[in-house]
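The values are calculated or read from the model by the stated rules, or taken from the named source; none is laboratory data. Since the structure is predicted, the reported quantities are computational estimates derived from the model, not experimental observations. Here the Cβ is made from the backbone with ideal geometry for all residues, glycine too, and neighbour counts use every protein chain on show. For the accessible areas, the whole protein counts, side chains as well, though only heavy atoms, and no ligand, DNA or RNA atoms are used. Shrake-Rupley method; radii C 1.70, N 1.55, O 1.52, S 1.80 Å.
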Amino acid sequence: MFFRVTLLLAAISLSACSAFQGRRSLNQTETPPITSAAEDKTTAADKARAQELRDAVAAETAKQKQRTPEATVTAATAKAITKPTHDEHDHSEHHQVPAEHKPREAGPVTAEKSLGWLKNGNTRFIKGSVRKDGATAKDRARLATGQKPHAVILSCSDSRVPPEVIFDQKLGEIFVVRTAGEALDDNVVGSIEYAVDHLGSNLIVVMGHSSCGAVRAALASLDGADLGSPALNSLVADLKPHLQQYASKKPSEGVVEESTANVNGVAHDLLARSQILRDAVASGEVKIARALYHLETGKVEWQDK
């Protein structure tokens, strides 16, 4: 009897112990450990600090924008940004964002003297008595640290019209930009602006030439003819407004008349597209000269205003 009671008590004890272990295991599964809760709190704190930092940066950026006006804003852009209400119409200029631009430092050679040098150089080229100086090792070393070209030449890319040769100019003396037909795009305008505004060049020469292939192509496509590629069509599109008057006319000999009209149009467009160049010309320091090079004679014909 005693033995059976002992066995019964042992069985009850084992059963209770098993139930306790099951409840303990269930609680571990359902209840997150303390370390996980701590990690959640830390993550929340980090997120809060990160958001606080982002807010601070955003606020400082906004303050900086208020302190620093936008640069290179044209008058047209400024008007678009600050359209006046009826009450403030008379004072709209005071609300325009000013363009911050460092005044240009004019180079040491005046436009008049530069033009004289180019004319003399063309005379030497025609006579075949070109300079022997200006392209030595000493010249290269002297120019390695900087440049001050006295003139900017915008000319056609035609292989027969290299400005350095035509004007008998040497290293560091002229800043040359060449495109077929003197076509303008932002890269061309920006290059000329750089020479005038940063290098101090006081003379800009727009030079076309006789028998210009780009001018002939533009004339041939005035009726909308396709030249074979988007790039070519885009190039002559810049020339066409200067040549519309010749749409129903027979081209002049060597398209000299048409090329001259194109030069005049390019010179006009150059000022129309650049505030920097307009300001420089308005100051009286910078001049724009127009010229036409004749392939047969080598002579540069200058266009008087």
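Each label was represented as a point 7 Å from its Cα along the Cα-to-Cβ direction; for A225 and A106 these points are 4.7 nm apart.
Using unit Cβ charges (K, R positive; D, E negative) and no other charged atoms, how large, in debye to the nearest 20, is the dipole of segment 158-282 about its Cα centre? Display every interim value, and only then the final one.
Values: 9 positive and 17 negative charges, 51 e Å.
Magnitude of the dipole: close to 240 debye.
Once the Cβ-Cβ distance of R124 and Q147 is raised to the sixth power relative to R0 = 22 Å, the FRET efficiency obtained is 0.45. Per-residue extension of 0.36 nm, minus the Cα-Cα distance of D185 and H294, leaves a gain of 36.7 nm for this segment. Listed values for segment 265-277 are Karplus-derived 3J(HN,Hα) couplings in whole Hz (6.51 cos²θ - 1.76 cosθ + 1.60, θ = phi - 60°), namely x, 5, 4, 5, 5, 4, 6, 5, 9, 9, 5, 4, 6, and x replaces Gly and Pro.
Label separation (R178 vs R273): 1.9 nm, computed from points 7 Å beyond Cα along the C-beta direction. Computed from backbone phi with θ = phi - 60° and the Karplus coefficients 6.51, -1.76 and 1.60, the 3J(HN,Hα) list for segment 113-129 is 5, 4, 4, x, 4, 5, 5, 5, x, 5, 4, 4, 4, 5, 7, x, 10 Hz; x is used for glycine and proline.
Less than 5 angstrom separates the built amide H of A135 from none of the residues sequence-distant by 5 or more or on a different chain. Taking H as built 1.01 Å from N, whose amide H comes closer than 5 Å to the amide H of V152, not counting residues under 5 places away? Placed amide hydrogens put F175, L203, I204, V205 under 5 Å from V152.
Scanning residues 5 or more positions from H209 or on other chains, those with amide H under 5 Å from its amide H are Y293, with H placed 1.01 Å from N in the peptide plane. Figure note: H198, H150 ranked by solvent-accessible area, largest first, 1.4 Å probe, ligands and nucleic acids not counted: H198, H150.
Based on the Cβ-Cβ distance of L171 and Q303, what FRET efficiency does E = 1/(1 + (r/R0)^6) give at R0 = 22 Å, to the nearest 0.05? Before the final figure, lay out the partial values.
Working: r = 28 Å, r/R0 = 1.29.
So, using R0 = 22 Å, E works out to roughly 0.20.
Taking a ≥ b ≥ c as the square roots of the eigenvalues of the Cα gyration tensor of segment 91-233, is the shape rounded (a/c under 1.5), prolate (a/b larger than b/c) or oblate?
Working: a/c = 2.20, a/b = 1.05, b/c = 2.09.
Because a/c hits 1.5 or more and a/b fails to exceed b/c, segment 91-233 counts as oblate.
With a simple spin-label model that places each label point 7 Å from the Cα along the Cα-to-Cβ direction, the separation between R131 and E164 comes to 1.3 nm. Counting Lys and Arg as +1 and Asp and Glu as -1 over every other residue whose Cβ lies under 13 Å from the Cβ of S234, the net charge comes to -3.
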